1. Please report, in cubic angstrom per residue, the volume enclosed by the convex hull of the alpha-carbon atoms of the stretch 62-111.
2. Looking at the stretch 144-244 from every direction and averaging, what is the projected area of its Cα convex hull in nm²?
3. Under the 0.36 nm per residue contour assumption, what length would be gained going from the current alpha-carbon distance of GLU141 and ARG225 to full extension?
4. Taking the Kirkwood radius as the inverse of the mean 1/r across Cα pairs, report the Rg/Rh of the chain.
5. What does the charge add up to near GLY212, with Lys and Arg as +1, Asp and Glu as -1, over the other residues with Cβ less than 13 Å from its Cβ?
6. On each of the three principal axes of the Cα atoms of the stretch 92-150, give max minus min coordinate, whole Å, ordered largest first.
7. Hey, what does the equivalent ellipsoid look like for the stretch 1-63, semi-axes from the Cα gyration tensor as sqrt of 5 times each eigenvalue, largest first, whole Å?
8. For n ≥ 4 DSSP H runs only, could you compute -39500 (n - 2.57) per run for the chain, divide by its residues and tell me the 222 nm figure to the nearest 500?
Amino acid sequence: MKLMKHLGKIALVVALIGAAFVALMLSGARLGLWEPITGFGLYRTYLNPLGWFLAGLGVLALVIHLLRKESVGAVAGGVAALIGVACLVPLIAGTLNPQPRAAPIHDISTDTVTPPAFEVLDETRAGARNPLEYGGPELAEAQAAAYPDIAPLDTDLSADAAYERALEVAQEMGWEIVAADADRHRFEATARTSVFYFADDVVVVVSPLDAGSRVNMRGVSRVGRSDQGVNAARIRDFQQRFKG
């Protein structure tokens, strides 16, 4: 049959289209096609079924072409199967090495007693579902349990120098600086995740100390009950870069 003869090529074309769809799920928000939550929803709904379908189609084509002793078709089917397996890597990794569920919080601060406040960014920010008001002692307790290492960064730099360094690090990390007040040593910014392009709002405040200064920061995700640890990881990254 003609279909059998070309099944490997068909499987490969379908697999390439599927791979392009996966790339679109991950980067569609960055391209302005939809909101990040839409891409994330497509990923959660379709990635695994797509992976199983492509892997199955590829294996079927591989077997048929091997039986027919058609090496070109077999190679095409094998590549298609590998693309399908690649789509299933997150599922396989999660099954073999289950990760602890992230804490159901999306607002992380280095100072949970007097958390840095947002003054320019507010609840009207685009696509936001989470407010910027701090959740109080209950949130502070949840953060302490989930991320006990998150703490202010003390430095021997003057407040002016620490503020300039903080701005420099924020720009290195690709944050969009929304508002900066050099006199008060504070700025607000929007940081985006590399995958799905979710937006998190960040405020950084530098306070003078007797010998040096203290850098406090806070990150709040715009959507989602849990930020999957992204804000805590961003704070750690920022502090490591700051210390350089």
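The values are calculated or read from the model by the stated rules, or taken from the named source; none is laboratory data. This is a predicted model, so every value here is computed, not measured. Ideal geometry is used to build each Cβ from the backbone, glycine not excepted, and the neighbour counts take in all protein chains shown. Please note that ligands, DNA and RNA were not included when accessible areas were found on the heavy atoms of the full protein model with its side chains. Shrake-Rupley method; radii C 1.70, N 1.55, O 1.52, S 1.80 Å.
1. 117 Å³
2. 6.6 nm²
3. 28.6 nm
4. Over the Cα atoms of the chain, Rg/Rh equals 1.15.
5. Cβ neighbours under 13 Å give a net charge of -1.
6. Here the spans come out as 45, 28, 16 Å, largest first.
7. Whole-Å semi-axes of the equivalent ellipsoid: 29, 12, 6.
8. So the calculated ellipticity at 222 nm is -16000 deg cm²/dmol.
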